[in-house]
Structure formats: C-alpha cells, structure tokens
1. Rounded to two decimals, what ratio of Rg to Rh does the range 174-275 give with C-alpha atoms and a Kirkwood Rh?
2. Suppose R0 equals 30 Å; then what is the FRET efficiency for GLN247 and ALA134 from their Cβ-Cβ distance, rounded to the nearest 0.05?
3. Pulled fully out, how much extra length does the chain show between ASP357 and GLN65, if you take 0.36 nm times their separation in residues and subtract their Cα-Cα distance?
4. With the Cα gyration tensor of the range 7-98 in hand, give its eigenvalues times 5 under a square root as the equivalent ellipsoid semi-axes, listed largest first in whole angstrom.
5. At 222 nm, what value in deg cm²/dmol follows for the chain if DSSP H runs of at least 4 each add -39500 (n - 2.57) and the sum is divided by all its residues, to the nearest 500?
6. How about LYS106: which aspartates and glutamates have a C-alpha closer than 17 Å to its C-alpha, ignoring those fewer than 8 places off in the same chain?
7. Please provide three numbers in whole Å: the alpha-carbon extents of the range 135-378 along the principal axes, with the largest listed first.
8. Tell me, in nm to one decimal, what length is gained between VAL387 and ARG335 on full extension, where the rule is 0.36 nm per residue of separation less the Cα-Cα distance?
Amino acid sequence: MPRRPRGALLPPVPGTPPRRAGLYRGLRSALLEGVLSPGERLPSSRQAAADYGVSRGLLEEVFAQLTEEGFLERGVGRGTFVAAHVAQLGALPAGRQALRTSSASKRGTRLAANLTCREPEDFRPFNAGVADTAEFPWKTWQRVQLRATRELGRAAMNFADPRGLPELREALARYLAQLRGMHCTAEQVVIFNSAQQALYALALLLLNPGDTAWVEDPGYPGARAALELAGARLAHVPVDEAGLDVQAGVRRARRARLAYVTPPHQYPTGAALSMERRIALLDWARKHDAWVLEDDYDGEFRYAGQPLTTLHALDQNARVIYLGTLSKSMFVSLRLAFVVLPAALVEPLANIRTQLDAFSPPLAQLAMSRFMDEGHFSAHVRHMRGVYAAKCAQITEGLAPLSAQGWTWPDKPVGLQIMLRHRDGGQVRRVAEASGLDVALLSGYRSRPARDDGLFLRFGGLGADAIATGVAALVEAAAV
C-alpha cells in the first residue's frame, strides 16, 4: 500500500525548539508571502510537531488559531490545507518592493534592463524563430528517451562529465564530419546547455576583463550580452552584403582578442561571409594571436545547394572555435549546444563550466546520441529542410507586391528568418506599427542609427495559416 503523503515541507522558524509565538508568526508569514501556496496540504499536527521539535499540543494550538483566523482549513479525515483566499493577502507592500529593487548594484541594474534576450512564449507573426515542433517525430523521440532511461538507470540521477557524455560527443563529431566537412575528434567537443552559455564560458576562458572583442553590427544580442557579462569591451564592426567588414574591424580595434561571427547566415541580415573576408579574418586572427568564435546557429537549413564551408574547416592555425546548437534542428527546450575547440582548451573550459552549472543532464544527452546514431536526426533534418523551404517560398511569394515599393529581401533565403528591408527607415517603422504584428526592427540590432531599416520576420515555429495572415497584414500596411 502506498504511503500517505505527509504534506508540504514547513519553513524554518526562530528558536530551537521554537516558542508558541515564534511558531505562529513564522507560519503566518509563510502563508502571507506565498511560501505555502493556497490549497497546499500541510503535514499532520503529529508530523509538524516532530519536524519542529515541539509538543503536539502546542502545534495544535497554533494550527487552531490560524484556522480560526481563516489562514487554514481543516476537516476530520481530510487534513489541513492552506485557505484559497490567502492568495489575496500575499502582495508585499509597495515600499518593500521598491526597497528590494533599489538594492541591486548599478551593474546588475544595467544588465537586468537588457530585455533583448527574452524570447516570447506565445508564437505569432513574426516572432517565432524556433523549430516547428508540429513536425517533430515525437513518438520516435519518446521511444529513444525510454531506452536511454533504461540504459542509464540511476546513473541519470548523478553528476555527469562537464565535457558532456562521450556518446553524444562522438555522435556530434561524426555528424560535423558528414554535414559540415569538419575534421575533429570527440575529445575536442564540449557540451553546453545553450550557445549563449558556451559563449559566456569561452569569454571567461579567453579574455581578461577589459579585453576587446569584435561583434557584428547589426548582430546577435545574445552574443553581446554574454561577452559583456564576462567583462569584455565590444568593438562594433559593420556588416554589409559580404558579411563582417574585416578591414573596418582592423581599423577600429586591430588588437582585439576575439571576434564573434555568424559566417554562413549573418544574424540578423542573412548575409554570407565572402571567401575573401573569410581569408582576411583568419589572417587577422593568426597575425594577432586572436580567437574567432564561429556561431553556426542554423547551418543545417540552407535550401539551395550544399551548406557553406565553415571557418573551422578552413583554419590552419587552430584559431577558430566552432559553436553549434541543437535548438533549431530539434526543439528549443532540449537545451543542448556544443563547441569544437583545440584539445588543449577542453579541460580548462570544462573546469570553468563546473563553476557555472556543472554539467548538462545526461538523460537528454544519451537520448540525443541514440537519436543521431540510429539515423533519426539526419532524416528529421532532411524533412525540415523541405518544411522550412516551403515556408520561405510562401513568405517571399506573398511579399511580391512589395518589391515595386522599394522593399527587398534575400533571393535565396536561409534558415528560419527573413530580413525585409527598405531604404526609408521611417516607412519601415510605419509599416511595423500599422501591421499590428510582433515583428522586430533591424534598427534594434544596431549599435548606431542608420537611414535604412528592416523587418525581421522569424517564421520557423509558425504554421501556414499564421504565415498567410502575417504576410497579408504587412502587404496591407505597406499599401496605406
């Protein structure tokens, strides 16, 4: 017979053992502040008395008073519960709220004011630059997860290697060799929970506070945030149709220690880094003993031809560190990303990782490795290429009327987003407001104003109906 639940864990109160007044005030505060939630079952008076080291009679007196005041509800044979209406009493006074906010440091307040990394929970046109989970082979994933659970057993509940499970590191090394033409070993791969976490850990490892790092302008806010959190000074390097302007970076910060780039599909403009600039970037890194962080965040989803060669594959001097994520190709809550770096940096990076969050959950790692080894991952990526290519075509065909009004977009879109641009920034902002859509502006990714602007259409997680509605709203707003 299953054991009867003993109820919520009661909060600590002053005194060993506590006196009646202290016990009453401590429990009442826990009820008012929401530590004990409305409807939550409390332990029996016998169990609560044992937890606090007091007599059952004293505990009964306290429970009785809280019940009489309406904080608790009790019934013979049912137990003791937090009254539902207690939630209405729990808001902290405004003065206490303000005091807590004002106690943050200046640096903390500045960092907390950056909301660019907050992602929406409700997907609508055009805020959904995430994987389409409606197309995910959920039943297959469930079976793989179940097998991984059986394989790991209770080991899934223990600490794991901060570098990542060997099985997943090996599977990723094979995958990168097949899809991206990269020559690396499993020993060069380190697993993280996200690319942003990996960026932060790498910045801590490679940069001293105050060192300069190149970032693309416009560029990915998450990379800027990770580098700033690590104490780096940012040099905003302009991006054009050929990607990062390396010569401009050299003029602005020749002796920077690191460059963060998104070569195959610049975020957010969509430009690809030209071969000439790839060579120039690698040459700069070699001459100045600098590092290049290559973020290949959606390299799987190039719809015409083969994926572009990575900087890592071109690098002959071990200056490029490759970042990848499984959030775009699988689903965002999987929380698995990885880096490929020189073997000499693996252990130092793993040691830093242990000071952040120790390791990634082994169950998800083993399930992912099995999903890849059994061919499910490659099949899913092939299928999703077709799905996202169809969404791209739906958007670009629907936007066709805008071309006569000076709007432009990539001829061959890549990934899960499209940048719709116009030389008149005022027109862009008017259309964004008039459309009523949740669409980001290109100007929001820039470090300084410019005449032109753009609408960042993130569509990965949207269905055909939502895309049609969003495109129609844009066309209608632009026609006004």
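1. Value, to two decimals: 0.99.
2. Working: r = 45 Å, r/R0 = 1.49.
Result of the calculation: an efficiency of 0.10.
3. Details: separation 292, 0.36 × 292 = 105.12 nm, distance 4.36 nm.
Result: 100.8 nm gained on full extension.
4. They are 22, 17, 11 Å, listed from largest to smallest.
5. Details: 17 runs with 200 residues, N = 480.
Calculated from helices alone, the mean residue ellipticity at 222 nm is -13000 deg cm²/dmol.
6. Output for LYS106: GLU228.
7. 57, 42, 29
8. Full extension of this stretch gives 16.5 nm more.
Each value in this text was obtained by applying a stated rule to the coordinates, not by laboratory testing. The structure displayed is predicted, hence computed values, not measured ones. No Cβ is skipped: glycine too gets one built from the backbone with ideal geometry, and neighbour counts run over all protein chains shown.
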